[in-house]
1. Please give the number of the condition Ala84 fails out of (1) part of a helix (DSSP H, G or I); (2) hydrophobic (A, V, I, L, M, F, W, C); (3) in contact with a Pro (Cβ under 7 Å, 6 or more places away or on another chain).
2. List pairs: first in segment 34-55 and without any contact (Cβ under 8 Å) to a residue 12 or more places away in the chain, second surrounded by 17 or more Cβ atoms within 10 Å (Cβ to Cβ), Cβ under 8 Å, 6+ apart or cross-chain?
3. Pick from segment 274-319 the residues that are free of Cβ contacts under 8 Å to residues at least 60 places away in the same chain and of a type in the set (A, V, I, L, M): which of them is nearest to Gly344 (Cα to Cα)?
4. Looking only at segment 74-93, count every residue that is among the acidic types (Asp, Glu) and under 23 Å from Leu119 (Cα atoms) and tell me the total.
5. Quick test of your reading of the structure: Arg64 fulfils all but one of (1) outside any loop (DSSP other than H, G, I, E, B); (2) over 18 Å from Val107 (Cβ atoms). Name the failing condition by number.
6. Among all residue pairs at least 6 apart or on different chains, which show Cβ distances below 7 Å where the first residue, located in segment 228-241, is in contact (Cβ under 8 Å) with a residue 40 or more places away in the chain and farther than 27 Å from Glu365 by Cβ and the second is hydroxyl-bearing (Ser, Thr, Tyr) and surrounded by fewer than 22 Cβ atoms within 10 Å (Cβ to Cβ)?
7. Report the residue count in segment 357-381 for those that are more than 26 Å from Tyr398 (Cβ to Cβ), in a helix (DSSP H, G or I) and in contact with a Ser or Thr (Cβ under 8 Å, 6 or more places away or on another chain).
8. Going through segment 40-69 one residue at a time, which ones are within 17 Å of Glu120 (Cα to Cα) and surrounded by 16 or more Cβ atoms within 10 Å (Cβ to Cβ)?
Amino acid sequence: MAINLFENALKQFNKAASVMNLDTGLRKILSHPQRELTVNFPVRMDDGSTEVFTGYRVQHSFARGPAKGGIRYHQNVTLDEVKALAFWMTWKCAVVGIPYGGGKGGVTVDPSKLSMGELERLSRRFFSEIQIIIGEDKDIPAPDVNTNAQIMAWFMDTYSMNMGHSVLGIVTGKPLDVGGSLGRPEATGRGVRVVAEEAANYVGMDPSKATYAVQGFGNVGSYAAKIIKDEVGGKIIAVSDVSGAIYNPEGLCIDDIIKYKDENKGLIEGYPKAEKISNEDLLSLDVDILIPAALENAITVENANDVKAKIIVEGANGPVTPEAEEILLGKSCFLVPDFLANAGGVTVSYFEWVQGLQHYFWRLEDVRTALHRIMKDAFSSVAKTKNKYETDMRTAAYVDAIEKVATATKLRGIYP
Ligand code: NAD
């Protein structure tokens, strides 16, 4: 992670704030997280020794509802990083219109060095430490880098033990058996599919006849590819993962590749029914829609000039650098920014929270229908803002999101 991640986040915010001529007071308020909590806490290790770990929970804004955002475990976690991630969560939730502010948490730890018992004790103690500021009406954590459904089940249990009753709404990303939602695993990929289709319609392209290339065949990329092929039509002509890319100009059979990957240690390497190409080749294919869904900084000044796609849908977080985006926009490429394109995940997390609060669980088709509507409406609203301010989609998405948070902040006023 870059050292001044929060400063970079503020730069994006300030650009949009200037475009929309945001009031100076609101600019000051929204440039600061409302709360930052740092905790140093002991964990009993398996060998009988004691270690002290540092963790954080940052809540950027409560203007539109409780804070929402994941908790990550990584040796490089810093307060600065968690602040930036909480800040971005505010805009992600606002752009899709779900009633949350942004939050994020993290523990500075390399979890691969912990035993299962140590991981559980660390998770339970960390969650107890941040309990003073979280709650199902205050701040609802979720998984992030190196945290998963099991850890969410421990979080939920720890909080519930302290409260004396089960509190399903305290975290999302839980296993189905303890209050998880149907449709959560596919949610981000499904959201990518909705905005890809909307983007094609917006630029006058028929999404059912378009060609697609997907970089990254993990959770986001594989579901996006499968759902686009099954429900939109069009041809997925290339997909890739860390082992390389595969290509078939006639269209790939995504179900067959998912099956192959599941039987091949999670990799598409060696898939026999397609031509092997490099990841760089995939990014420069002559496709209608390119979906980078792997890592940040996939498209930089080095390769942006080679990109031929007419539409880019950022499935991953930060796959296109700001300098590369300038080049792409100069070539009239239509780019759907990450915090709109991949907001399907947090949207279904919101559904999980709603279901947990009501103790009433939805059918898969209800989750899908509600997600589709939210993503479609969000795209349409950002596209209108783009036209109103004659700007690009990323700036428009920021303007849209900031407008919602700023309006709520203004309406609520300054207490006391
Ligand atoms: P994942 O670990 O399931 O999949 C990542 C995929 O990228 C894997 O197939 C991996 O092999 C591939 N990959 C890694 N390096 C690559 C490279 N150099 N070239 C090509 N492929 C490469 O992760 P994910 O959950 O699918 O997340 C992908 C991105 O989407 C991340 O930026 C993540 O932050 C973002 N995101 C995910 C979600 C979610 O719900 N999973 C939500 C919002 C944003």
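The values are calculated or read from the model by the stated rules, or taken from the named source; none is laboratory data. This is a predicted model, so every value here is computed, not measured. Ideal geometry is used to build each Cβ from the backbone, glycine not excepted, and the neighbour counts take in all protein chains shown.
1. (3)
2. Thr50/Val43; Glu51/Val43
3. Ile312
4. Residues in segment 74-93 being among the acidic types (Asp, Glu) and under 23 Å from Leu119 (Cα atoms): 1 in total.
5. Looking at each condition in turn, Arg64 falls short on (1).
6. Listed pairs, sorted by first residue: Ile237/Thr211; Ile237/Tyr247; Ala238/Tyr247.
7. Our first condition is that a residue be more than 26 Å from Tyr398 (Cβ to Cβ); within segment 357-381, this holds for 357-369.
Next, only the ones that are in a helix (DSSP H, G or I) stay: 357-358, 364-369.
Still in the list and also in contact with a Ser or Thr (Cβ under 8 Å, 6 or more places away or on another chain): 367.
Of the residues in segment 357-381, 1 are more than 26 Å from Tyr398 (Cβ to Cβ), in a helix (DSSP H, G or I) and in contact with a Ser or Thr (Cβ under 8 Å, 6 or more places away or on another chain).
8. Phe41, Val43, Phe53, Thr54, Gly55
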